[in-house]
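Asker: Input: one structure, supplied below.
The values are calculated or read from the model by the stated rules, or taken from the named source; none is laboratory data. Please read all numbers here as calculations on a predicted model, not as lab measurements. For neighbour counting, all protein chains shown are included, and Cβ atoms are generated from backbone atoms with ideal geometry for every residue, glycine included. Just so you know, the surface numbers come from the protein's heavy atoms only, side chains and all, with ligands and any DNA or RNA stripped out. Shrake-Rupley method; radii C 1.70, N 1.55, O 1.52, S 1.80 Å.
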Amino acid sequence: MLLTGLISYPVAAQLTHDSLLIEGHYRVFHFNQPSASLNKPSLVFVLHGSGGDGQGMMKATGKMEQQAKQVNTLVVYPDGYKHYWNECRKSSPAQANQEDVNEQAFFQGMIQYFHQRYAVNTDHVFVVGTSGGGHMAYKLALTMPLAFRAVTAIIANLPDSTNMDCVPTGKPVPIMIINGTQDPINPYQGGRVVLGKNMDMGVVLSTDRTLAYWAGLAHYQGKPTMEKLPDVDPQDGKTIERYTYRAAGKPDIILLKVIGGKHDYPNDVDVHVEALTFFMHQIHR
C-alpha cells in the first residue's frame, strides 16, 4: 500500500480535498479544515450512497458538522471508487466490486493520514453511511471491527448469505441501524435490491435479521427495549421506534425503525446528529 497525499487546496471557505494512492488508484476524500482548538479529536467518516460522492453528502450534514466542532470531532467525506463502494454484496456490478478495490487499505490510510496531520485519537474512529454507504459501513464493521469504535448504517440491510463476499471476523461492534418500513429500494423485510437498469445488487436480509446478527455477536438474548420517539413532524407520515440492546460490558446495538419511512431520511430526527450522539455515547460509556 502506497500512501501519497496530493497537495491540499481550499475551494470554498475551509473545504479541503486530498487523496491517497492505494494500489494504483488515487482515492479522494473531503473535509472542512479543522480549527486549532481540536485536541486529539475523534474522527467520523460519512459515506455516500451508490452513485454519489463525498461532497454531495456534505449537504445533509450541516447540523452534524456544527455539533462535531463542539464535541472535538473531525468529519471526513470519502469518495467511493467511480461513485461506488466495494462493499460486501457479491452481486454488485459496480466497478469497485468487479475490480475488488482495497477499501480496507483506503480507510486504514485515511486513519493514518488524519492521525499524522491532526493527531486524531485512533481509538475514537467512527463511520456512518447511507444506502450503499451503509453497506460499506457494514463491511468495515464486519472486517475491521478493531479499527472502528462504532458504526451507523442508514437504509441498508446486511447481504443474504448467498450474496455475501466478505469474510466476517465475528467480533461484535456497537452499531445503530436506521431503516424505513416502506423502503422500495432496501426492503425492510428483506429481498432483492435493484438500483436501476443493470444495477441488481442481489438479495439482502430483513432489518430484523440484520439487527439479530449484530445482537447475536454481542451475545444478547431476548428482546430489545422499545421507545417511541416524539412525532416532531406529524405531516411527514412517519413515526420512529427505537429498539435498544444495552448491557454493561457489551456493545450497544440499536435500531431506529422508521414506520412509513422510504429510501430517505425522516424529518423527526436528523440521522447524522443521531449518529454523532450515538458515537459520543460510546466514548463516555
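Asker: What is the P(r) of region 157-242, as percent of Cα-Cα pairs per 5 Å bin from 0?
Answerer: Result returned by the calculation: 3, 12, 18, 21, 18, 14, 9, 4, 1.
Asker: What nm value, rounded to one decimal, do you get for the distance between Asp100 and Ala36 when each label is placed 7 Å out toward the C-beta?
Answerer: Label at Asp100, label at Ala36, 4.8 nm between them.
Asker: Turning to a different aspect of this structure: Show that you can apply the helix-only estimate: for the chain, add -39,500 (n - 2.57) for every DSSP H stretch of four or more residues, divide by all residues, and state [θ] at 222 nm to the nearest 500. Working shown, then result.
Answerer: Details: 7 runs with 70 residues, N = 285.
It lands at -7000 deg cm²/dmol.
Asker: Over the heavy atoms of Arg117, what accessible area does a 1.4 Å probe trace out, to the nearest 10 Å²?
Answerer: 120 Å²
Asker: For a quick check, take a GNM of the chain with Cα springs below 10 Å and name the residue from Gly261, Gly134, Gly237 with the largest mean-square fluctuation.
Answerer: Top of the fluctuation ranking is Gly237.
Asker: Can you give the relative contact order of the chain as a percent, counting alpha carbon pairs under 8 Å and 6+ residues apart?
Answerer: Value for the chain: 15 percent.
Asker: Using a basic spin-label model with each label point 7 Å from the Cα along Cα→Cβ, how many nm lie between Gln235 and Gln182?
Answerer: 1.7 nm
Asker: Gain in length, Lys223 to Arg117, computed as 0.36 nm per residue apart minus the alpha-carbon separation, to one decimal in nm?
Answerer: Residue separation times 0.36 nm, minus the Cα-Cα distance, leaves 33.8 nm.
Asker: Let me ask you something else. How would Asp252, Asp233 rank on accessible area, largest to smallest, probe 1.4 Å? It would help to have the intermediate numbers written out before the result.
Answerer: Working: Asp252 0, Asp233 40 Å².
Per-residue accessible area, sorted high to low, gives Asp233, Asp252.
Asker: Work out how far the C-alpha atoms of region 1-130 reach from end to end along every principal axis, then list the three figures in whole Å, largest first.
Answerer: Rounded to whole Å, the extents work out to 44, 30, 30 Å.
Asker: Also, I was wondering about something else. So for region 109-191, Kirkwood radius off the Cα pairs, Stokes-Einstein at 4 °C and 1.567 mPa s: how many µm² s⁻¹? Spell out each step's value before the answer.
Answerer: Working: Rh = 13.7 Å.
Here the translational diffusion coefficient equals 94 µm²/s.
Asker: If you don't mind, another one. What percent do you get for the relative contact order of region 75-223 when only Cα pairs under 8 Å and 6+ apart count?
Answerer: Working: 261 pairs, mean separation 31.6, N = 149.
Relative contact order, region 75-223: 21 percent.
Asker: When Rg is the radius of gyration of the Cα atoms in the chain and Rh is its Kirkwood radius, what does Rg/Rh come to? Before the final figure, lay out the partial values.
Answerer: Values: Rg = 17.9 Å, Rh = 19.0 Å.
With Rg and the Kirkwood Rh in hand, the quotient comes to 0.94.
Asker: Okay, moving on. Which order, highest average first, do 63-73, 268-278 follow once you tally other Cβ atoms within 10 Å for each residue and take the mean per peptide? Walk me through the intermediate numbers first.
Answerer: Numbers: 63-73: 16.6, 268-278: 21.1.
The packing order, highest mean first, is 268-278, 63-73.
Asker: Calculated FRET efficiency, Glu23 and Asp165, Cβ-Cβ r, R0 22 Å, to nearest 0.05?
Answerer: Values: r = 18 Å, r/R0 = 0.82.
Efficiency for this residue pair is about 0.75.
Asker: Report the Cα-based extents of region 151-199 along its three principal axes, largest first, to the nearest Å.
Answerer: 35, 23, 16
Asker: Tell me, in nm to one decimal, what length is gained between Gln14 and Asp200 on full extension, where the rule is 0.36 nm per residue of separation less the Cα-Cα distance? List each step's numbers first, then the result.
Answerer: On the way: separation 186, 0.36 × 186 = 66.96 nm, distance 3.82 nm.
Here the answer is 63.1 nm.
Asker: Select from the chain the helices, each a whole stretch of DSSP H, whose alpha-carbon atoms run 15 Å or more along the helix axis and whose Kyte-Doolittle mean is at least -1.0; answer none if there are none. Write down the numbers at each step before the final one.
Answerer: Working: long enough: 103-118 (22 Å, -0.73); 132-143 (16 Å, 0.23); 207-217 (16 Å, -0.07); 271-284 (20 Å, 0.62).
Helices meeting the criterion: 103-118, 132-143, 207-217, 271-284.
Asker: Describe numerically, in nm with one decimal, the distance between label points set 7 Å from Cα along Cα→Cβ at Gln66 and at Lys90.
Answerer: It works out to 4.7 nm between the two label points.
Asker: Less than 12 Å apart at the alpha-carbon level, and either on another chain or at least 8 residues along: which aspartates and glutamates does that give for Lys82?
Answerer: Answer for Lys82, where 12 Å is the Cα cut-off: Asp53, Glu99, listed by chain and number.
Asker: Work through the residues other than Lys40 whose Cβ is under 13 Å from its Cβ and net out their charges, Lys, Arg +1 and Asp, Glu -1.
Answerer: Values: positive: Arg117; negative: Asp123.
Charge balance near Lys40 sits at 0.
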